[in-house]
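First comes the structure, then the notes that go with it.
The values are calculated or read from the model by the stated rules, or taken from the named source; none is laboratory data. All values derive from a computational prediction rather than experimental measurement. Cβ sites come from the backbone with ideal geometry, for glycine too, and all protein chains shown count toward neighbours.
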Amino acid sequence: MPDLHDIMAHLADAIAVVRVSQRSLSHLEVAYDEESFLRKGLAALDAVYTEIDFASIALFKKGQH
């Protein structure tokens, strides 16, 4: 079974990099469309992270019974 903890850590690191990029763009008035697109991407990544996190918790609990 793959180590979901490591996978989640890698995903969290990737989200952090994109989040820093989005925050940098948010200070530039000329990059509104790009910043908006990054914001939508971050919301999607956060949703996937949460979905994987809940699934891994469910799998762990299922494996304990």
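Any idea how many residues of segment 2-38 are out of contact with any Ser or Thr (no Cβ under 8 Å at 6 or more places or on another chain) and farther than 27 Å from Ile57 by Cβ?
17
Just need a number here: residues in segment 24-47 that are loosely packed, with under 12 Cβ neighbours inside 10 Å and modelled with pLDDT of 85 or more.
Matching residues across segment 24-47 total 4.
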